[in-house]
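The values are calculated or read from the model by the stated rules, or taken from the named source; none is laboratory data. Owing to the predicted nature of the structure, the values given are computational and were not obtained by experimental measurement. We place every Cβ from the backbone using ideal geometry, glycine too, and count neighbours over all the protein chains shown.
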Amino acid sequence: MTNRAAFVLGNRKMEIRPAEKPACGDRDALVKISYCGVCGSDVHFYEHGEPAFPDVYPFVLGHECAGEVVETGKDVRGLKAGDRVALEPGIACGECEWCRGGKYNLCPSVKFLSAPTYHGAMRTYVSHPANLCFKLPGNVPSMDGALIEPLAVGLNAVVQSGITIGKKAVVLGAGCIGLVTLLSLKAMGVEDVTVVDLFDIRLEKAKELGAAHIVNARNTDAIEAVLDIYGKYGPDYVFETAGSVHTAAQTVYMVKRGGVIVMVGNTVGQTPFNFQLLVDKEIQIKSVFRYRNIYPVAIEALATGKIDIGRIVTRVYPFEQAVEAFEASISDKQNMVKAVIQISKTEGE
């Protein structure tokens, strides 16, 4: 078994090199990675690095992944060689107050694939805790399995929001996370969803995936447009997925009195926010960090056809073109919703 990995060597420098094959621990599964999605956080690290870890290179990115089990540890039950699995990338400690309280996504000691200094999944073989390797049904392709990770973010946001059938929602941002939030809302029976973005091509994709309304914020005032759609009072829920200071500030002006704002995107920097209006309208703000206990739900949604996650993929690149996948994600952001890299072939697919 030859292991190879896409090593980042510095800003916008990546090479595929031989890598040491990981050992399979007693409670682990050794997985041959089939597909790995290119996440926005991967692209940011590839382009800018991480100042807090200047000596992390060479480093392997990737955490949206699925593959085939080739070996299991002696204490593993329920998995065997040949099973196709999706990997939940965060390995929590299991001992802290957040883990014990059921919110393991908040574990301060988590080891997360591709978060420095823990190597990611853009390599042929990965050893991972077996309890974080979720078996894929026969009708769920391995590529879709790799996309369960970003889907889990949107699905968790929708579940945590408490939204119900009949409510109206706005999603700010039509990138990968915005689109999986839209798909999750639709799967939960929420039909009236408006998606706001700056690029027509992304908005057309949102329309294709079921958005009832789309708003191009480059050409119009997004707040006015949303209030026009919802009869001046606004929607019941606003999901901020763009991770923009500007859109984060807009949420309080859009949402209905007594409504809910859900912060999903990673908004960096100080955000000007009208807290007086927040109080006047008695708005709730909910934030979600990654996900927890949601992979089985996401897999069920794919297996039953409630969500067709493969429709968000823009292009699949062979492993040898990993650099091209990252460069396209930088230079063609308005068109590149989701790049996926095929690391290796999976039997039967």
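Tabulated data for the structure shown
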item: Residue within region 278-288 that is assigned by TED's automatic domain parsing to the domain that holds residue 223, touching a Phe, Trp or Tyr at 6+ places or on another chain (Cβ under 8 Å) and of a type outside the set (S, T, N, Q) present; result: no
item: Residue satisfying condition, being in contact with a Phe, Trp or Tyr (Cβ under 6 Å, 6 or more places away or on another chain) and among the charged types (D, E, K, R), within set 80, 111, 74; result: 111
item: Candidate set from region 70-118 (those that are of a type in the set (Ser, Thr, Tyr) and within 25 Å of the chain's Cα centre (by Cα)); member that is surrounded by the fewest Cβ atoms within 10 Å (Cβ to Cβ); result: 117
item: Answer from 307, 299, 312, 294 - the residue that is touching a Phe, Trp or Tyr at 6+ places or on another chain (Cβ under 8 Å), within 29 Å of residue 158 (Cβ to Cβ), surrounded by 14 or more Cβ atoms within 10 Å (Cβ to Cβ) and of a type in the set (Val, Ile, Thr); result: 299
item: Residue match in region 141-152 (condition: touching a Lys or Arg at 6+ places or on another chain (Cβ under 6 Å), within 24 Å of residue 300 (Cβ to Cβ) and hydroxyl-bearing (Ser, Thr, Tyr)); result: yes
item: Residue in region 163-207 that is farthest from residue 230 (Cα to Cα), counting only those that are under 17 Å from the mean Cα position of the chain (by Cα) and not in a helix (DSSP H, G or I); result: 175
item: Scope region 320-345; condition in a helix (DSSP H, G or I) and buried (at least 19 other Cβ atoms within 10 Å of the Cβ); matching residues; result: 322, 325, 326, 328, 329
